[in-house]
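The values are calculated or read from the model by the stated rules, or taken from the named source; none is laboratory data. All of these numbers come straight from a predicted model, not from anything done at the bench. Positions of Cβ are backbone-derived with ideal geometry, glycine not excepted, and every protein chain shown enters the neighbour counts.
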Amino acid sequence: MTFILRVAILGPIYGQPSAVHEVARLATQIASFQMPLSPRSTLNVGVISGGTGVNVLASSAQFELDVRSESAGVLASILPEIEGLIRSARKPGVDVTMDVVGERPAGGLPKIIV
(Lines give C-alpha, C1' and ligand atoms only; values in the text may rest on other atoms or scores of the structure.)
Protein backbone atom coordinates (compact mmCIF):
# COMPACT_ATOMS: atom_id res chain seq x y z
CA MET A 1 0.00 0.00 0.00
CA THR A 2 1.22 3.49 -0.77
CA PHE A 3 0.32 6.83 0.77
CA ILE A 4 1.55 10.09 -0.67
CA LEU A 5 1.38 12.95 1.83
CA ARG A 6 1.84 16.66 1.22
CA VAL A 7 3.23 18.36 4.31
CA ALA A 8 3.19 22.17 4.44
CA ILE A 9 4.67 24.57 6.96
CA LEU A 10 3.21 28.06 7.17
CA GLY A 11 3.80 31.27 9.00
CA PRO A 12 7.13 31.58 10.77
CA ILE A 13 7.23 35.07 12.21
CA TYR A 14 9.98 37.61 11.56
CA GLY A 15 13.22 36.70 13.27
CA GLN A 16 12.40 32.99 13.26
CA PRO A 17 13.84 30.40 10.88
CA SER A 18 12.14 30.41 7.52
CA ALA A 19 9.56 27.80 6.56
CA VAL A 20 12.20 26.25 4.29
CA HIS A 21 14.45 25.68 7.32
CA GLU A 22 11.54 24.12 9.20
CA VAL A 23 10.70 21.84 6.25
CA ALA A 24 14.34 20.78 5.94
CA ARG A 25 14.50 19.98 9.66
CA LEU A 26 11.28 17.92 9.53
CA ALA A 27 12.25 16.13 6.31
CA THR A 28 15.56 15.11 7.92
CA GLN A 29 13.74 13.70 10.96
CA ILE A 30 11.33 11.75 8.77
CA ALA A 31 14.12 10.42 6.54
CA SER A 32 15.82 9.06 9.68
CA PHE A 33 12.72 7.02 10.59
CA GLN A 34 13.57 3.30 10.66
CA MET A 35 11.32 1.38 8.28
CA PRO A 36 10.98 -2.41 8.61
CA LEU A 37 12.95 -4.50 6.12
CA SER A 38 10.33 -7.22 6.06
CA PRO A 39 7.81 -6.88 4.62
CA ARG A 40 9.52 -4.45 2.26
CA SER A 41 8.63 -0.92 3.33
CA THR A 42 10.08 2.43 2.29
CA LEU A 43 9.61 6.13 2.65
CA ASN A 44 10.95 8.93 0.52
CA VAL A 45 10.85 12.69 0.89
CA GLY A 46 10.46 13.69 -2.74
CA VAL A 47 9.60 17.14 -4.02
CA ILE A 48 10.51 20.04 -1.70
CA SER A 49 9.46 23.60 -2.51
CA GLY A 50 9.12 26.98 -0.84
CA GLY A 51 10.27 30.54 -0.59
CA THR A 52 10.08 33.44 -2.99
CA GLY A 53 13.64 34.77 -3.10
CA VAL A 54 17.15 34.19 -1.86
CA ASN A 55 17.00 37.17 0.53
CA VAL A 56 13.45 36.60 1.84
CA LEU A 57 12.47 34.46 4.84
CA ALA A 58 10.05 31.92 3.40
CA SER A 59 6.55 32.19 4.85
CA SER A 60 5.61 28.77 3.47
CA ALA A 61 7.27 25.60 2.25
CA GLN A 62 6.16 22.04 1.58
CA PHE A 63 7.32 18.57 0.68
CA GLU A 64 5.75 15.39 -0.60
CA LEU A 65 6.33 12.15 1.26
CA ASP A 66 5.86 8.70 -0.25
CA VAL A 67 5.30 5.96 2.35
CA ARG A 68 4.80 2.40 1.12
CA SER A 69 4.79 -1.20 2.28
CA GLU A 70 3.85 -4.58 0.90
CA SER A 71 1.68 -4.95 4.01
CA ALA A 72 -1.30 -2.70 4.69
CA GLY A 73 -1.06 -3.69 8.38
CA VAL A 74 2.55 -2.58 8.69
CA LEU A 75 1.72 0.69 6.99
CA ALA A 76 -1.21 1.22 9.36
CA SER A 77 1.17 0.88 12.32
CA ILE A 78 3.86 3.15 10.81
CA LEU A 79 1.69 6.06 9.68
CA PRO A 80 0.67 7.21 13.18
CA GLU A 81 4.35 7.44 14.16
CA ILE A 82 5.17 9.51 11.08
CA GLU A 83 2.12 11.70 11.68
CA GLY A 84 3.39 12.24 15.24
CA LEU A 85 6.74 13.47 13.89
CA ILE A 86 4.88 15.85 11.59
CA ARG A 87 2.66 17.17 14.40
CA SER A 88 5.73 17.68 16.61
CA ALA A 89 6.99 20.36 14.16
CA ARG A 90 4.17 22.68 15.29
CA LYS A 91 5.22 25.49 17.59
CA PRO A 92 4.14 29.07 18.28
CA GLY A 93 4.07 30.96 15.00
CA VAL A 94 4.51 27.83 12.89
CA ASP A 95 1.58 25.83 11.54
CA VAL A 96 1.97 22.41 9.96
CA THR A 97 -0.61 20.79 7.71
CA MET A 98 -0.69 17.32 6.22
CA ASP A 99 -2.91 16.11 3.39
CA VAL A 100 -3.14 12.69 1.75
CA VAL A 101 -2.76 13.37 -1.98
CA GLY A 102 -2.49 9.76 -3.13
CA GLU A 103 -3.32 6.26 -1.94
CA ARG A 104 -2.78 2.92 -3.68
CA PRO A 105 -3.51 -0.63 -2.54
CA ALA A 106 -0.80 -2.95 -1.20
CA GLY A 107 1.08 -5.16 -3.60
CA GLY A 108 4.03 -7.47 -3.59
CA LEU A 109 6.51 -8.99 -5.96
CA PRO A 110 5.96 -12.54 -7.15
CA LYS A 111 8.16 -15.16 -5.50
CA ILE A 112 10.69 -16.59 -7.90
CA ILE A 113 11.36 -20.28 -7.48
CA VAL A 114 14.73 -21.37 -8.81
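Sort out which residues of the stretch 42-55 are touching a residue at least 12 places away in the same chain (Cβ under 8 Å) and in a loop (DSSP other than H, G, I, E, B), and write them in order of number. If the condition is that a residue be touching a residue at least 12 places away in the same chain (Cβ under 8 Å) and in a loop (DSSP other than H, G, I, E, B), then 51 is the only one that fits. If only residues of the stretch 58-84 that are charged (D, E, K, R) and within 22 Å of residue 94 (Cβ to Cβ) are counted, the one that is surrounded by the most Cβ atoms within 10 Å (Cβ to Cβ) is 64.
Cβ-Cβ distances below 8 Å connect no pair with a first residue in the stretch 28-41 that is surrounded by 14 or more Cβ atoms within 10 Å (Cβ to Cβ), a second residue that is modelled with pLDDT of 95 or more and acidic (Asp, Glu), and a separation of six or more residues or different chains. Scanning the stretch 71-89 for residues that are under 17 Å from residue 8 (Cα atoms) and not in a helix (DSSP H, G or I) yields 88, 89.
Considering every residue within the stretch 42-57, establish whether at least one is touching a Lys or Arg at 6+ places or on another chain (Cβ under 7 Å) and either surrounded by fewer than 11 Cβ atoms within 10 Å (Cβ to Cβ) or farther than 22 Å from residue 95 by Cα (or both).
yes
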